[in-house]
Amino acid sequence: MTTSRRPATDAERRALASGLRLRILRLCLDEPRTNREIAERLGRNPATVLHHVRTLVDTGFLVAGPVRRGTRGSREIPYRATGLSWTLDVDDDRGPDVDAMLEAFLAEVHDVDPQQVRSARLGLRLRADELEEFHRRLQDVLDEYAARPPSPDGEPVSVFLAIHPDAGRA
C-alpha cells in the first residue's frame, strides 16, 4: 500500500526546510486560512508569514482560494495545503530536513496540554531486513490514514515518527 513518491526538487526541499513552513502547511490542511489568520495562530508578523506562504504557493504546497472580503472590507486570500509534501521522497543521500521537522513538532507540542500528547519510545535490535520491514509497515499505516478523507466531526491531530540508529548502543 506504500504511496508512490517522486523525488523532491531542490526548490521543494528548500521550501520544506523550515519548521515555520511545515507549521503553516499543518494549519492549512483541514481548512483554508488567510495570511492574517496564519500569522495570528503562529504569533508571527504577517509580513514574515506572507514570505513563507508565497514560497509554499510557488512550490505547489499551498493553493490560493477565491478572494473574499475580510471583516473590514479588505481583500483576503485563503490558502489551503495541497498534500504535495506527503507525495514527495525526501529520503535520498541528503535525507529529510530533520531539524525543520523537529522544530515544527516541538513548537506544536509546546502549544498543547502535555496530558494530550501520546508518545512512546522503544529501543530495538534489528537486522537490516527487519528494519526495512518495520519501516515499510509503519509507512503503510501512515499512507493508509493519509489517503482517508478527513472525518468532518474528527479532531485534527499530527503524528511525528522518527527511526534512528542508537549511537550509544552497540
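List of remarks:
- Single condition Asp99 does not satisfy, out of (1) closer than 19 Å to Ala146 by Cα; (2) assigned to a helix (DSSP H, G or I): (1)
- Flag if Leu131 is within 17 Å of the chain's Cα centre (by Cα), hydrophobic (A, V, I, L, M, F, W, C) and at negative phi: no
- Taken over the range 1-45, residues that are β-branched (Val, Ile, Thr), more than 14 Å from the chain's Cα centre (by Cα) and either within 21 Å of Phe160 (Cβ to Cβ) or surrounded by 14 or more Cβ atoms within 10 Å (Cβ to Cβ) (or both) amount to 4.
- Asp91 more than 18 Å from Asp30 (Cβ to Cβ), in a loop (DSSP other than H, G, I, E, B) and at pLDDT below 90: yes
- Checklist (1) within 15 Å of the chain's Cα centre (by Cα); (2) modelled with pLDDT of 95 or more; (3) assigned to a helix (DSSP H, G or I) applied to Gly60, failing item: (3)
Here's the yes/no breakdown for (1) surrounded by fewer than 16 Cβ atoms within 10 Å (Cβ to Cβ); (2) of a type outside the set (A, V, I, L, M); (3) within 18 Å of Leu161 (Cα to Cα):
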| position | (1), (2), (3) |
| --- | --- |
| Thr48 | yes, yes, no |
| Thr82 | no, yes, no |
| Trp86 | yes, yes, yes |
| Asp111 | yes, yes, no |
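Table: residues versus (1) charged (D, E, K, R); (2) closer than 30 Å to Cys28 by Cβ; (3) in contact with a Lys or Arg (Cβ under 8 Å, 6 or more places away or on another chain).
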{"site": "Val109", "(1), (2), (3)": "no, yes, no"}
{"site": "Gly123", "(1), (2), (3)": "no, no, yes"}
{"site": "Arg127", "(1), (2), (3)": "yes, no, no"}
{"site": "Glu133", "(1), (2), (3)": "yes, no, no"}
{"site": "Gly154", "(1), (2), (3)": "no, yes, no"}
{"site": "Val159", "(1), (2), (3)": "no, yes, no"}
{"site": "Asp166", "(1), (2), (3)": "yes, no, no"}
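The values are calculated or read from the model by the stated rules, or taken from the named source; none is laboratory data. Note that this is a predicted model, so its numbers are computed, not measured. Methodologically, a virtual Cβ is constructed for each residue, glycine included, from the backbone with ideal geometry; neighbour enumeration extends over all protein chains shown.
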